[in-house]
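Just so you know, all these numbers are worked out from the coordinates, no wet-lab data involved. Just so it is clear, the structure is predicted and the values come from calculations on it, not from any experiment. Note that each Cβ is placed from the backbone with ideal geometry, even for glycine, and that neighbours are counted across all protein chains shown.
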Amino acid sequence: MAMKRVQVVHGDLTKMEVDVLVNAANERMLGGGGVDGAVHRAAGPELLAACRRVPEVAPGVRCPTGAARITEAFQLKARYIVHTVGPVWFGGSQGEDELLASCYRECLSLMRTRQLATIAFPAISCGVYRFPAERAAVIAVEQIYLAIRDAPEVEAVYLVAFQQVMVNVLQHAVDQYAQLSKRSGARDVDFSRHAMRSKA
Ligand code: APR
């Protein structure tokens with residue numbers, strides 16, 4: 001089986017040259033701050049128009065928490081944007097872990113449905129939505145590993161973070177998982193050990 005790659009990248013998500021760039025959106029899907037703001041600015045105004053065309057499933061809700069929706073990527077170097085809505089952290093008893101896991105699963109599932117090979121994630125919910133970083137990183141890595149182990153078409157999964165502290169947290173989660181999977185004999189996954197910068 002081909003090597004799979006999970007790599008932590010220190011840099012700006014919007015610069016990633018990938019098939020799928022994941023946006024940490026909100027349920028309305030009409031833009032916001034953080035990643036969402038940066039993605040909309042970099043993709044250009046056509047993105048907002050495309051988001052408006054995504055049908056509402058409830059008043060003001062185009063993408064429920066834990067779900068994902070795909071649009072074109074317009075002026076980004078990516079081919080598609082997958083918008084996902086992470087949970088707001090309320091202390092952990094409101095199903096936050098499962099909702100965050102669902103975000104990663106849904107994004108990877110949309111990618112696989114379209115036979116796409118590379119995807120870049122931000123640290124979903126780890127900004128304005130205040131999900132604890134270490135806990136989120138473990139969930140992210142676990143879900144990515146589960147999704148790609150039987151997906152020969154997935155070539156690379158990038159976990160992209162702006163801040164060094166988040167890079168370190170993500171890298172730690174990747175290293176931990178790599179050790180675990182090595183012990184259990186799952187050697188087809190290459191969890192890269194070193195963080196690198198995205199292209200400026
Ligand atoms: N590249 C990489 N990482 C980034 C970038 C970027 N350009 N911009 C922000 N980040 C990091 C933040 O530092 C944080 O660690 O992404 C992580 C996610 O932060 P948010 O963008 O605040 O996402 P989230 O916590 O999921 O909150 C979503 O914020 O802007 C609104 O519309 C959005 O309401 C939604 C909410």
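In the chain, if the dipole is taken from +1 on Lys/Arg beta carbons and -1 on Asp/Glu beta carbons about the Cα centre, which of Gln163, Val85, Val141 is farthest to the positive end?
Gln163
For region 148-187, list residues with backbone N below 12 Å from a point placed 7 Å from the Cα of Ala117 toward its Cβ?
Residues 153-156 fall inside that zone.
Nearest 0.05, what FRET efficiency do Gln179 and Val57 give at R0 = 25 Å with Cβ-Cβ as r? Please list the in-between numbers first.
Working: r = 41 Å, r/R0 = 1.62.
It comes out at approximately 0.05.
Can you pull the three principal axis extents for the Cα set of the chain, in Å, largest first?
48, 37, 30
Taking the Cβ of Leu99 as the center, what net charge do the other residues with Cβ under 13 Å away carry, scoring Lys and Arg +1 and Asp and Glu -1?
Working: positive: Arg105, Arg135; negative: Glu27, Glu96, Asp97, Glu98, Glu106.
Once all neighbours under 13 Å are counted, the net charge is -3.
Can you give the calculated 222 nm mean residue ellipticity of the chain, where each DSSP H run of n ≥ 4 adds -39,500 (n - 2.57) and the sum is split over every residue, rounded to the nearest 500 deg cm²/dmol? Provide the component values of the computation, followed by the final result.
Details: 5 runs with 72 residues, N = 200.
Rounded to the nearest 500, the figure is -11500 deg cm²/dmol.
Once you have a ≥ b ≥ c as the square roots of the Cα gyration tensor eigenvalues for region 46-161, tell me rounded if a/c is under 1.5, and otherwise prolate or oblate according to whether a/b is larger than b/c. Kindly include the intermediate steps, with their values, before the conclusion.
Details: a/c = 1.69, a/b = 1.07, b/c = 1.58.
Cα axes put region 46-161 in the oblate bin.
Which loop-located chymotrypsin sites (Phe, Trp or Tyr not before Pro) does region 46-126 contain, where loop means any DSSP state but H, G, I, E or B and the Cβ has at most 13 other Cβ atoms within 10 Å?
Details: sites: Phe74, Tyr80, Trp89, Phe90, Tyr104; in loops: Phe74, Trp89, Phe90.
Here the sparse-neighbourhood loop sites are Phe90.
Going by how many other Cβ atoms sit within 10 Å of their own, how do Ser125, Ser181, Ser102 line up, fewest first?
On the way: Ser125 27, Ser181 16, Ser102 23.
Starting with the residue having the fewest Cβ neighbours, the order is Ser181, Ser102, Ser125.
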